[in-house]
1. Please give, to one decimal in nm, the separation of the simple spin-label points placed at residue 26 and residue 114, each 7 Å out from Cα toward the Cβ.
2. Take 34, 113, 63 and order them by how many other Cβ atoms sit within 10 Å, fewest up front.
3. Using only Cα atoms, what is the ratio of the radius of gyration of region 2-52 to 2.2 N^0.38 Å?
4. Report the full-extension gain for the segment residue 70 to residue 7: residue separation times 0.36 nm, less the Cα-Cα distance, to one decimal in nm.
5. Expressed as a whole number of Å, what is the distance separating the alpha-carbon centroids of region 32-67 and region 78-115?
6. For the chain, what is the calculated [θ] at 222 nm in deg cm²/dmol (nearest 500), taking -39500 (n - 2.57) for each run of four or more DSSP H residues and dividing by its residue count?
7. What number do you get for region 63-115 when its Cα radius of gyration is normalised by 2.2 N^0.38 Å, N = residues?
8. Computed from these coordinates, which is Rg and Dmax of the Cα atoms in Å: (i) 12.6, 35; (ii) 23.1, 60; (iii) 19.5, 73?
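Just so it is clear, none of the values below were taken in a lab; they were calculated from the coordinates. Every value quoted in this text rests on a predicted model; they were computed, and no experiment measured them. Glycine also receives a Cβ, built like all others from the backbone with ideal geometry; neighbour counts cover every protein chain displayed.
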C-alpha cells in the first residue's frame with residue numbers, strides 16, 4: 001500500500017499543474033474580444049432572468065413555503081446521511097429500494113482539511 005503522504009504530495013503536485021493550465025486558459029479567454037462581448041451579454045441576460053424569476057416568485061408562489069421545503073430537504077438529507085453512516089459503522093447492509101425497485105447504495109467520500 002502506498003504511503004499516505006506520498007500520494008497526498010503527488011495529488012498536490014497534479015492539482016498545482018492543473019491550476020497553472022487553467023490560469024493560462026483563463027488568461028487567453030480574457031484577451032479574446034468576442035468571448036468578453038459574449039460574457040457581457042450573458043451577464044445582462046442573467047440579470048433580466050433573475051428579475052423575471054423574482055417577479056413570478058413574489059406574485060405566484062409562496063416564498064415562505066419554498067424556503068420551508070428547502071430547509072426540510074436539507075434536514076432530511078442530513079438525517080439520511082447520519083442513519084446511513086450509523087448503519088455502515090454497525091456493519092449492517094445499507095441499501096434503499098425506490099418505488100420502481102431501483103436499488104440505491106451509498107457513496108462515501110473522504111476529504112481532508114487543515115486541522
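1. Going by the 7 Å Cα→Cβ label model, 1.9 nm.
2. Going from least to most buried by this count: 113, 34, 63.
3. Against the empirical 2.2 N^0.38 Å value, I get 1.90 for region 2-52.
4. Taking 0.36 nm per residue and subtracting the Cα distance, the gain is 18.8 nm.
5. Each part's Cα centre sits 36 Å from the other's.
6. -25500 deg cm²/dmol
7. Compactness ratio reported: 1.50.
8. Looking at Rg and Dmax of the Cα atoms in Å for this model, the match is (ii).
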